[in-house]
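The values are calculated or read from the model by the stated rules, or taken from the named source; none is laboratory data. Bear in mind the structure is a predicted one, so any value in this text is a computation, not a measurement. Here the Cβ positions follow ideal geometry from the backbone for every residue, glycine too, while neighbour counts run over all protein chains shown.
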Amino acid sequence: MVMRWLKAYVLCVIFFAAPHAFSAVSAQLSAQNIDELESVFLRIKVTETRQSQPLDLTALADDFDILNTNTVSQSRYLNGRGQNWVDYQITLQPKKTGTLTIPAITIGQETTPSLLLNVRPLSPETRKTIESLVFYENELSSDEVYVQGQVVLTRRLLYTQGVQLFSDLPEAPEVANAVVLTLGETRSSRTQRNGRNYGTFEQQYAIFPERSGTLTIPGVSITTSVRIFEGNRASRKGVRVNTEDIMLSVLPVPDEYPKDRPWLPAEEVTLYSALSPAGERHQVGDTLTHELLIYIQGNIGTLPPPVELTLDDSLFRVYPQAPTIEDDTSTSTVRGSRLETHTLVPLVPGTLTLPSNELVWWDTVNRKVRVNRTEPRTLIIAGTQMSPETPATQLEGNSLTPETSASATPAPSIHVRSFTPYLLAAGLIVAGILAFRFVPNRFNPLRRSGTQHADANQQKSLTQAFANQNIADIHHYLGGYLSQYYGLTRPAAFQRFRDEHADNDRALGQVEAYLYAKEAPAKDGNLVAAIAHLDISRKSLRNRPTHKPNDILPALY
């Protein structure tokens, strides 16, 4: 009985261990001799198993590019006997010429035999021909960049007819100690080099180094196939197009930059302030919105420091809001913006001043310190002084506080019954007004348009027009945007926009003078500044509370 169980145990061990005990590994190359730039297939076969295992191919990396790896499990039955095996098919392209060794590769408990491959070098003529068919061009916007400043990398693949791409275009480079942003979409076009036509794929990236010193931008590669003629024979060869690593010098913060100011490198910075409602005259308790927009070209919107609005708390109550930060990467440079918004409530009558705001930055183009300042604003405040401790609910609508109304002379008593018909009439009038004012928007188109910002498509078209510096599109889409914002016709909306600030009037005048001239003049610095001002102004409008048009009915008092 014991012997019977012992035999059964031995048979089970042999049965389950057989696939491993009797498995065999073989390796074979598709060719023993190849030309440089050709690829070769390495086939590894493991029999008596259907279980694939991960391969460690790091030993091949010194001499070969691994183009592809494919694993196939197969089985078949022949004369009542089953056979199982796994094929590993690896596509290799040599990195050098000469006799190369494919080292042993371990799979589970088995090891493949090493193999030899002879790689013949190309002739100089053939190499030159291939290099002229497909190649990369790399360009940097500058040979050196300041720390946290912007440098633009343009990567351009040029190819001729008959070139086939076997892999996707490379993604954005992964650069250590730097932030990388993709600029726009991949652009395809046609160009010429040395009198020859090429198709191109162009990609651009904005790189912002975080440390001074030497920055390494790693190279990329792409797999292609080219057709060449050698004598009377045409052949197609696989080519791996590579770019070299780029070394970039990163400059530290210059000594002349103020030590007590946050570092801000940029190509251009604009500082713009706005106050709404517009005008100098206001009332104690009015709600004012102060907006400060930092528009920065050549850097991101998170880099500019917050600009403080310092006011005497005995003169104003100040409610800061979270900043609005945006980055535009749709063109060949990064355009960032930071909008600081404060709600102000004047507490005392008289002539009050909002001080100017200041921003220090480093001009990376001219390499000098620059300071931008806004103009101070003088406000003439009318009304009765209020305490800084007055609750906010008592400041809205410029109404009297309970303390003020309590000190007023008591009103004489009035017999309500004698005024009952008048009260009823007044009630009907008020009810009609309320019904009209709160009628659904679909029955009141003027109010509907005035209480909504421009739709997303309108804003997108306007943003693209500013990015492309297209004067006609800017004027067209800005008119539509203002019309939707104010709830007015296009001419009336333009006039309202002009009336809000003298700079708006001047900027629009310069744009319209360019558009309506008999012969389009050249774009000068004044026109570019006008376009920038209009872009800043419309962003300022977009972040304000929604503008409401004037009431259709006049006030009752």
- When the stretch 158-187 is examined, which residues are found to be surrounded by 15 or more Cβ atoms within 10 Å (Cβ to Cβ), touching a Pro at 6+ places or on another chain (Cβ under 8 Å) and part of a loop (DSSP other than H, G, I, E, B)? Pro173, Val175
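Residues checked against (1) outside the structural domain of Val46 (by TED's automatic domain parsing); (2) of a type in the set (S, T, N, Q); (3) over 24 Å from Gly219 (Cα atoms):
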position: Thr71; (1), (2), (3): no, yes, yes
position: Asp87; (1), (2), (3): no, no, yes
position: Gln93; (1), (2), (3): no, yes, no
position: Thr97; (1), (2), (3): no, yes, no
position: Pro103; (1), (2), (3): no, no, yes
position: Leu133; (1), (2), (3): yes, no, no
position: Val152; (1), (2), (3): yes, no, no
position: Thr160; (1), (2), (3): yes, yes, no
position: Leu169; (1), (2), (3): yes, no, no
- Do the conditions hold for Asp65, that is, is it buried (at least 16 other Cβ atoms within 10 Å of the Cβ) and in contact (Cβ under 8 Å) with a residue 24 or more places away in the chain? yes
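Out of curiosity, is Val119 within 25 Å of Gln464 (Cβ to Cβ), at pLDDT 90 or above and of a type outside the set (Asp, Glu)? Walk me through how you get there before you give the answer.
On the way: within 25 Å of Gln464 (Cβ to Cβ): no; at pLDDT 90 or above: yes; of a type outside the set (Asp, Glu): yes.
For Val119, the condition - within 25 Å of Gln464 (Cβ to Cβ), at pLDDT 90 or above and of a type outside the set (Asp, Glu) - is not met.
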- Message: Among the residues that make up the stretch 197-212, is at least one of them part of a strand (DSSP E or B) and more than 28 Å from the chain's Cα centre (by Cα)?
- Response: yes
- Filter the stretch 488-541 down to the residues that are assigned to a loop (DSSP other than H, G, I, E, B) and basic (Lys, Arg), then identify the one that is farthest from the chain's Cα centre (by Cα). Lys518
- May I ask you to list pairs of residues, at least six apart or on different chains, whose Cβ atoms are under 6 Å apart, with the first in the stretch 140-157 being buried (at least 22 other Cβ atoms within 10 Å of the Cβ) and the second being part of a strand (DSSP E or B) and of a type in the set (Ser, Thr, Tyr)? Leu157/Tyr136
- Message: Looking for something part of a strand (DSSP E or B), modelled with pLDDT under 85 and of a type in the set (A, V, I, L, M, F, W, C) - is there at least one such residue anywhere in the stretch 74-89?
- Response: yes
- Go through the stretch 249-261 and count every residue that is surrounded by 15 or more Cβ atoms within 10 Å (Cβ to Cβ) and modelled with pLDDT under 95. 1
